[in-house]
Amino acid sequence: MTDRDQSDNVTGNGSTDNPADLAGAYALHALSAEEAAEYERYLERSEQARIEAAELSDTAVALGLSAAPVQPSSALKASLMAKLASTPQLPPLSAPAQPAADSPAVTDAPPAPGAPLTAVPKASDATAPTAAPAAPNAAPRTSAGERAQRRWFQRPAGYLVAAAAAVALFVGGTFAGQAIYGNPNDQFADQQAASLAEINAAPDTQRASTETADGQEATLVWSGELGLSAIIVDDLPALGDDQDYQLWYIGEGGPISAGTFDSTGSGTSWRVLDGTMTAGDTVGVTVEPAGGSDQPTTDPIVAIQS
Amino acid sequence: MLDLMTAEFNLDAASTAPSKEELLARVAGGDEAAFGELYDQIAPRVLGLVKRVLIDHAQSEEVTQEIFLEIWQTASRYESQRGGASTWIMTMAHRRAIDRIRSSQAGRERDTKIGIRDLAVPYDHVAETVEVRIEHERVEKAMSRLTELQRQAVSLSYFSGYSHREVAEFLHIPLGTVKTRLRDGLIRLRDELGVAS
């Protein structure tokens, strides 16, 4: 740091306000979220800058590949593979060719848990990628990518129905909220699917898993930034018509109902919780009389702290 | 644009194993076996990079798990025409590692523990395949073509996870200078490594 490079200083001081100067820091992930967003706005305006950003990002990857490989523990792979079934996948960005009319059938009759998932329309099967977003950067889930995803989820319902179908298929299980809302409520299903995908795509997504009292795997996925969470449970036993599973946010003020759901007894059930999650809340599930209770009347079958 | 990556990864694709791009496409369709294969192919590179940034092994494995879950979740968003699967994954891996540093005290504690480092960390040449060693040496050589100040700035931000503002503070130089060094440094590396569109 003693051998200060004079020419560097001269150019540096003369160009602090030129957005193009952020190209290097951007590729190295050395910008704050705000700065990166600013640079991405600049990228949207400049083809030249987009090319530079892609090249410098590739250069950064070359640096990354120069790090000595490290063999992960075998436990890591095992744990990861076990999580796949309860980790919903995002549907492709370009609209699937599948018409929305097909989706109620799909959500009414979910595939068996082991059903082949390859039946889901893939991006490559879709017709011309009309909906391809103008994400300016090859980097995955940069904030530009995240914005593109959010934009996608703000799109009109027609597409979201298809998304709901895709998510339900990917999860390979039941759409939990459906049964208690009487007729299949497409709009509710859409909102649920969109919210779940949004949580999974959030920059601060976290998850915690535990087992229910009966030993089923339960996972809570949440984003503090969005104030949203979703619970995903495998093979949750079906309840009689007179009972529902009820969700609770349990914070300092005691339990607050976050909606009810049902399960077919096999496959994966999931439900995005109603209301707003506060960091540190515990999410609990109880069995309640059909329609839910004002306060929990039974011990929770599972409780997970966010 | 990805001649570099393609060339490198063809080296270890000696057999008829499916490419990472093919695997990723199958992962997007929910294929768990393809995911397992993709993991086997690239997890050591991912963990290698993450550990280079985070140092702590347990924490690095944790972040590696997050990265692979993100790969599983977002495989459908990978667009092969924008670049190779390795590039997509390694970019994601680096961003996740940096996010971890920024979001926790880990970064700060780590800094005080190890101090400033640069590319010349101890490197176990014995354990590596020829391909990996060639890559490493190529990058090292390219890094040596940078000015000392460019090299420091690039290394501090990429491997030590400093933001450009922190680099400026650390090196006691104006932010504008850091921006220029990072950009010029990467452009020089790009040219040395032959990364071009």
For the condition in the same structural domain as A:Gly215 (by TED's automatic domain parsing), touching a helix residue (DSSP H, G or I) at 6+ places or on another chain (Cβ under 9 Å), under 27 Å from A:Glu198 (Cα atoms) and not in a strand (DSSP E or B), what is the one hit in A:Gly292, A:Gly259?
A:Gly292
Starting from the stretch B:60-88, take each residue that is within 7 Å of chain A (Cβ to nearest Cβ) and surrounded by 24 or more Cβ atoms within 10 Å (Cβ to Cβ) and list its partners that are hydroxyl-bearing (Ser, Thr, Tyr) and part of a helix (DSSP H, G or I), counting only C-beta distances under 8 angstrom and pairs at least six apart or across chains.
B:Phe68/B:Tyr39; B:Thr87/A:Ser57
Does A:Ala53 fit the bill of being out of contact with any Lys or Arg (no Cβ under 9 Å at 6 or more places or on another chain), surrounded by 23 or more Cβ atoms within 10 Å (Cβ to Cβ) and touching a residue at least 60 places away in the same chain (Cβ under 8 Å)?
yes
Taking the criterion of being surrounded by fewer than 21 Cβ atoms within 10 Å (Cβ to Cβ), more than 7 Å from every other protein chain (Cβ to nearest Cβ), touching a residue at least 24 places away in the same chain (Cβ under 8 Å) and not in a loop (DSSP other than H, G, I, E, B), would at least one residue in the stretch A:71-80 satisfy it?
no
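Could you tell me whether B:Ala43 is outside the structural domain of B:Ser160 (by TED's automatic domain parsing), more than 23 Å from A:Glu55 (Cα to Cα), of a type in the set (Gly, Ala, Ser) and at pLDDT 95 or above?
yes
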Those residues of the stretch B:135-173 that are without any contact (Cβ under 8 Å) to a residue 12 or more places away in the chain and more than 8 Å from chain A (Cβ to nearest Cβ) come to a total of 5
Scanning for something under 22 Å from B:Asp99 (Cα atoms), modelled with pLDDT under 75 and within 14 Å of chain B (Cβ to nearest Cβ), does the stretch A:210-221 turn up at least one residue?
no
Expected single match for modelled with pLDDT under 95 and over 21 Å from A:Ala25 (Cβ atoms) among B:Ala106, B:Ala142 is B:Ala106
Confirm whether A:Ser229 is surrounded by fewer than 24 Cβ atoms within 10 Å (Cβ to Cβ) and of a type in the set (Ser, Thr, Tyr).
no
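Only one of B:Gly194, B:Gly176, B:Gly185 is without any contact (Cβ under 8 Å) to a residue 12 or more places away in the chain and under 21 Å from A:Ala53 (Cβ atoms); which? It would help to see each step written out before you state the result.
On the way: B:Gly194 fails: without any contact (Cβ under 8 Å) to a residue 12 or more places away in the chain; B:Gly185 fails: without any contact (Cβ under 8 Å) to a residue 12 or more places away in the chain.
Only one candidate passes the filter, namely B:Gly176.
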Which condition number does A:Glu44 fail, the rest of (1) closer than 21 Å to B:Ala85 by Cβ; (2) more than 7 Å from chain B (Cβ to nearest Cβ) being met?
(1)
Determine, yes or no, whether A:Ser209 is in a strand (DSSP E or B) and among the small types (Gly, Ala, Ser).
yes
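The values are calculated or read from the model by the stated rules, or taken from the named source; none is laboratory data. This one's a predicted model, so the numbers in the text were calculated from it and none came from an experiment. Heads up, the Cβs are rebuilt from the backbone with ideal geometry, glycines too, and the neighbour counts pull from every protein chain shown.
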